[in-house]
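Here the structure comes first, spelled out in structure tokens, and everything after it is commentary.
Values in this text are rule-based calculations from the coordinates and carry no lab data. Model, not experiment: these values are computed from the prediction.
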Amino acid sequence: MKKVMLMAVAILFSAATVFAAHSTTMVPDTTKTNKVKPAKVQYTCTMHPDVLSDKPGKCPKCGMTLVKKEPAKKKADKMKM
Ligand SMILES: [Zn+2]
């Protein structure tokens, strides 16, 4: 009898947690807003940092394919020095 009660409690508990997880996933839309936010991406030449373009293409100076320039990569730039 006790085992049955424990099983029932366990099932109820897991059902409750699943329900709670479901309802909480519907509340936060931080991931949604993150996706909607348009990230301003610029493309630059690795050899010519002064070359900037808002779309992918080739460097007018050396013909190299432009790479994405992300403003959050300041740390990486410092490590290169
Ligand atoms: Zn270049």
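A compact table of results
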| item | result |
| --- | --- |
| Amide H partners (placed H, <5 Å) of residue 42, local residues excluded | 69 |
| Placed amide H near residue 58: partners under 5 Å, 5+ positions off or other chain | 66 |
